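Notes for the one structure printed next.
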Amino acid sequence: MGRRVVVVGSGTAGLATADALRSEGWEGDVVLVGAEPHEPYDRPPLSKQLLAGRWTTDRIVLRTRAALAADGVELLSGRRAIGVDTTDRTLHLDEGDDLRYDALVVATGLDARRLPFGHDLAGVHVLRTLDDALGLRAESSTARRVVVIGAGFLGCEVAATVRQAGAQVAIVDPLDLPLRNVLGPRLGTLVAEVHAGHGVDLHLGRGLASYLSDRGRVTGVVLDDGSELPADLVVVAIGATPAVQWLRGSAVPLAGPLPQDGAGGVRCDAAGRAVEAVWAVGDVAAWWSPQEGRHVRLEHRLTANQHAQVVARAITGGQPRALALVPYFWSEQYDLHLQSYGTPAGTDEVHVVEGSLARRRFLAVYLRGGRVSAVVGAGLPKALRAWVPAVAEHRLAEHRLAEQALAPDGEADGAPLRA
Amino acid sequence: MKILIDEERCIGAGQCVMAAPDVFDQREEDGVVVLLEPDPAPAQEAGARRAAALCPAAAVLLREH
């Protein structure tokens with residue numbers, strides 16, 4: 001019997017791993033196990049092009065079953081992993097099947113976080129999977145009043161998409177600004193202004209207390225100050241948690257729930273290895289970061305691809321690949337296209353070094369402990385990319401950048417700096 | 001090898017340019033990929049493969065001959 005890699009999870013991290021194994025010359029079997037019934041598809045368009053109805057499902061499918069088969073990758077879709085025996089190197093699937101592996105790659109991604117109440121009501125949605133998105137789209141195309149719970153990236157993107165389709169939209173979040181924990185107050189203010197400018201009602205510093213409903217269908221939300229917002233559609237976008245339930249009780253180590261411990265993901269070394277013959281990639285994986293001295297779990301599309309490259313090389317026994325894993329994410333809300341390299345945090349010092357927030361064309365450098373932690377920008381993609389080496393090396397900020405007073409009007413804080 | 005670009009998917013992450021600067025560039029205004037070399041030389045193929053593998057928007061497609 002040939003050697004076999006089993007990849008659990010058929011999202012982009014799993015697919016990228018299968019691809020990378022073939023690129024690295026792996027000649028044994030590759031089996032891709034996916035809990036969803038679909039061929040591997042791309043998730044970022046779910047809240048944008050797919051929800052807006054501009055793209056069909058075909059457009060987001062990344063690889064057909066036939067194309068996978070042509071590369072010698074077997075897709076087991078609609079099958080759920082329920083446990084693993086790392087001694088026998090056996091993966092347990094639902095319906096009682098076992099799958100032997102020589103190497104196992106955990107790529108199970110995330111599950112949408114839910115509130116402890118209200119998800120039994122018609123019209124209350126989460127958005128994580130293609131089926132979620134199709135269900136949401138079926139209702140959002142006719143919805144007149146939409147309430148989005150959560151002003152993170154997903155909530156903001158969903159709000160922008162449904163607002164542009166013509167619905168009245170309200171966003172509710174307990175923090176005082178959208179994206180505050182990631183981007184900080186200055187950019188959070190910008191994002192709030194962009195949404196307000198498009199007529200979105202922002203209810204910030206407010207939590208959800210309960211729903212109003214009629215015959216099992218949501219008709220509104222009640223906020224924690226007692227105010228009521230009518231709604232015929234509610235989207236709960238309050239984050240997601242690693243899909244690791246099936247690994248509990250196995251020898252695969254899981255990180256603690258706190259962000260500084262790896263945020264509940266599969267605990268891996270700096271090359272993605274969790275335990276003998278088991279690796280983890282993508283959203284579910286908390287890789288040790290030598291720079292940060294802790295396990296870091298990132299929910300970024302690029303990270304999945306980066307992880308896949310490293311892990312496929314390790315499985316095939318090639319020279320370890322020294323990849324500079326500079327995280328990247330983007331967000332599209334109306335005509336605001338945010339891009340970020342690095343790991344911005346809401347508590348970082350922020351300096352606008354090019355353009356201006358008011359013109360929504362800017363480059364902002366994030367500093368943590370005087371070192372460059374991230375750059376975030378809009379409308380200046382090439383200038384932003386020039387900062388990647390500074391982010392990768394966590395360079396010390398130049399003195400004049402660190403000392404620059406913040407300009408009150410949101411213009412660049414000083415003369416344009418070169419990375 | 002032949003490189004194909006799906007411009008509508010591109011989100012201007014610049015990963016392709018960092019992987020293979022002699023094959024890809026970005027437009028100034030929106031960062032969308034500019035294909036400099038649709039038929040890369042053999043020495044450029046590894047970079048092109050890396051670009052396709054890393055692109056977070058799956059906008060770089062390769063046709064291997």
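The values are calculated or read from the model by the stated rules, or taken from the named source; none is laboratory data. None of the values given here were measured: they were computed from a predicted structure. Cβ coordinates were reconstructed from backbone atoms using ideal geometry, including for glycine residues, and neighbour counts include every protein chain displayed.
Brief remarks follow.
- Cross-chain or 6+ apart pairs with Cβ under 7 Å, the stretch A:128-152 first and under 22 Å from A:Leu208 (Cβ atoms), then of a type in the set (Asp, Glu): A:Arg128/A:Asp111; A:Ala143/A:Asp232; A:Arg144/A:Asp232; A:Arg145/A:Asp232; A:Gly150/A:Asp173; A:Ala151/A:Asp173
- Scan of the stretch B:27-51 for residues that are closer than 16 Å to A:Tyr328 by Cα and free of Cβ contacts under 8 Å to residues at least 24 places away in the same chain, ordered by number: B:Gly31
- Any hit, the stretch A:223-232, residues being buried (at least 23 other Cβ atoms within 10 Å of the Cβ) and without any contact (Cβ under 8 Å) to a residue 24 or more places away in the chain: no
- Tally, over the stretch A:326-350, of residues that are part of a strand (DSSP E or B) and farther than 16 Å from A:Arg395 by Cα: 11
- Test set (1) modelled with pLDDT under 95; (2) away from chain B (no Cβ under 14 Å); (3) in contact with a strand residue (DSSP E or B) (Cβ under 7 Å, 6 or more places away or on another chain) - A:Val326 fails condition number: (2)
- Only a single item in (1) crowded, with 17+ Cβ neighbours inside 10 Å; (2) assigned to a loop (DSSP other than H, G, I, E, B); (3) within 14 Å of chain B (Cβ to nearest Cβ) is not met by A:Gly318, and it is number (1).
- Residue selected from the stretch B:1-52 under the condition aliphatic (A, V, I, L, M), more than 14 Å from chain A (Cβ to nearest Cβ) and part of a strand (DSSP E or B), by the criterion farthest from A:Gly25 (Cα to Cα): B:Leu35
- Meets criteria (among the small types (Gly, Ala, Ser), crowded, with 19+ Cβ neighbours inside 10 Å and modelled with pLDDT of 95 or more) for A:Ala159: yes
- Taking the numbered list (1) surrounded by fewer than 18 Cβ atoms within 10 Å (Cβ to Cβ); (2) assigned by TED's automatic domain parsing to the domain that holds A:Ala263 in turn, A:Ala345 passes all entries but (2).
- Residue in the stretch A:351-365 that is basic (Lys, Arg) and part of a strand (DSSP E or B) present: yes
- Inter-residue pairs, beta-carbon under 9 Å, first more than 10 Å from chain B (Cβ to nearest Cβ) and over 13 Å from A:Ser331 (Cα atoms) and in the stretch A:373-385, second of a type in the set (D, E, K, R) and surrounded by fewer than 22 Cβ atoms within 10 Å (Cβ to Cβ), 6+ apart: A:Ala374/A:Arg368
This table checks each residue for (1) within 20 Å of A:Asp131 (Cβ to Cβ); (2) touching a residue at least 60 places away in the same chain (Cβ under 8 Å); (3) assigned by TED's automatic domain parsing to the domain that holds A:Gly135; (4) out of contact with any strand residue (DSSP E or B) (no Cβ under 8 Å at 6 or more places or on another chain).
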site	(1), (2), (3), (4)
A:Ala52	yes, yes, no, yes
A:Ile60	yes, yes, no, no
A:Ala66	no, no, no, yes
A:Ala70	no, no, no, yes
A:Leu75	yes, yes, no, no
A:Gly83	no, yes, no, no
A:Thr86	no, yes, no, no
A:Thr90	no, no, no, no
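- Scanning the stretch B:53-65 for residues that are farther than 25 Å from A:Leu298 by Cα and at the interface with chain A (Cβ under 8 Å from one of its Cβ atoms) returns no hits.
- Selection from the stretch A:8-29 of residues that are within 20 Å of the chain's Cα centre (by Cα) and part of a strand (DSSP E or B): A:Val8
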